[in-house]
Amino acid sequence: MEAQPRKALVNSPYLQSLLAGAAAGTTVDTSLFPLDTLKTRLQSSTGFWASGGFRGVYNGIGSAIVGSAPGAALFFVTYDGVKRFYASGKRGAAGEAGVQMLAASLGEIAACAVRVPTEVIKQRAQARQHPSSLSALTHILGQRSTHGVVHVWRELYRGWSITVMREVPFTVIQFPLWEGMKKWALRQRQSSKPPDVTGLESALFGSISGAIAAGLTTPLDVLKTRMMLATQRESALGMTRRIWAEEGGRVFLSGIGPRTMWISIGGAVFLGSYQWASNMLGGIGSV
């Protein structure tokens, strides 16, 4: 049955992206937080059980709740904004996939402005370095009197470079795959000419694309976790060499099972809820 047109709840496409992204980020980060905790503990240099094992899997959820909505909102406003900018103009040799890669990359860089500090705080609570997100944040801010404001800023953004190095390849893989599968689904029912796929379809495509991207970028995720949990600052290259020499190459696949499962489910929840919210706000009949 062809979807019935409905009145848009929000007319601005940028506000649609902002609200839908905020809803998607909050939904995925809170619902799948325990899996993220287990992944962090598997990647911790102190070991899974020393980091808490299966106890306190909601440690650090406070920072996730605070950072999820603005981080995801920033991503989708930037992502959709870049795509709209190129929609009516020439894409050059890059083509549609190139625009999607550029949009996803810029979106992730924007989102990391919020994501990195909340990740640092969250992961230190998850690894039982601090009893809660508030305690981890207080500890970092408390260093201002002895080390200065610049040190506090650098601590909050510990792992910025490796996070961007992880997130950009991830989204460059995931989002063109997701967009490609959405485009394929719409071609299969040309007669009804729907404006976009449903939330359930987007969830399926998000799950598949997320699992592929997660598996391929696990080594970068391990490195990012180690850098954020380290007691001393260290370059990404220096830490990579040290981990390889002391623990071997296999450690870079630590947590690949929980990470792939978490992001596969998370891709379904994140991109499914984003599509549902976007369709609802835009007045598309089938959400």
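Nothing in this text is a laboratory measurement; each read-out follows from the coordinates by a stated rule. These numbers were taken from a predicted model, which means no experiment stands behind them. Positions of Cβ are backbone-derived with ideal geometry, glycine not excepted, and every protein chain shown enters the neighbour counts.
Structure notes:
- From Arg55, Arg124, Arg115, residue being basic (Lys, Arg) and surrounded by fewer than 23 Cβ atoms within 10 Å (Cβ to Cβ): Arg55
Conditions (1) in a helix (DSSP H, G or I); (2) touching a residue at least 40 places away in the same chain (Cβ under 8 Å); (3) over 28 Å from Gly47 (Cα atoms), marked per residue:
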site	(1), (2), (3)
Leu102	yes, no, yes
Ala111	yes, yes, yes
Pro117	yes, yes, no
Ile121	yes, yes, no
Pro131	no, yes, no
Ala136	yes, yes, no
Ile140	yes, no, no
Arg154	yes, yes, no
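- The range 207-259: number of residues that are among the acidic types (Asp, Glu) and either in contact (Cβ under 8 Å) with a residue 40 or more places away in the chain or under 27 Å from Ser273 (Cα atoms) (or both): 1
- The criterion of being in contact (Cβ under 8 Å) with a residue 40 or more places away in the chain and closer than 30 Å to Ser161 by Cα holds for Gly272.
- Conditions (1) in contact (Cβ under 8 Å) with a residue 60 or more places away in the chain; (2) in a helix (DSSP H, G or I); (3) surrounded by fewer than 16 Cβ atoms within 10 Å (Cβ to Cβ); number of the one not met by Val150: (1)
- The residues listed here are Leu220, Leu216, Leu229; of these, the one that is surrounded by 17 or more Cβ atoms within 10 Å (Cβ to Cβ) and closer than 14 Å to Arg166 by Cα is Leu220.
- Index of the failed condition, Thr218 passing every other in (1) over 17 Å from Gly257 (Cα atoms); (2) under 20 Å from the mean Cα position of the chain (by Cα); (3) polar (S, T, N, Q): (1)
- Test: residue in the range 65-84 that is in contact with a Lys or Arg (Cβ under 9 Å, 6 or more places away or on another chain), in contact (Cβ under 8 Å) with a residue 24 or more places away in the chain, in a helix (DSSP H, G or I) and basic (Lys, Arg): no
- Scan the range 220-240 for residues that are more than 25 Å from His147 (Cβ to Cβ) and either of a type in the set (Phe, Trp, Tyr) or in a loop (DSSP other than H, G, I, E, B) (or both) and the total you get is 0.
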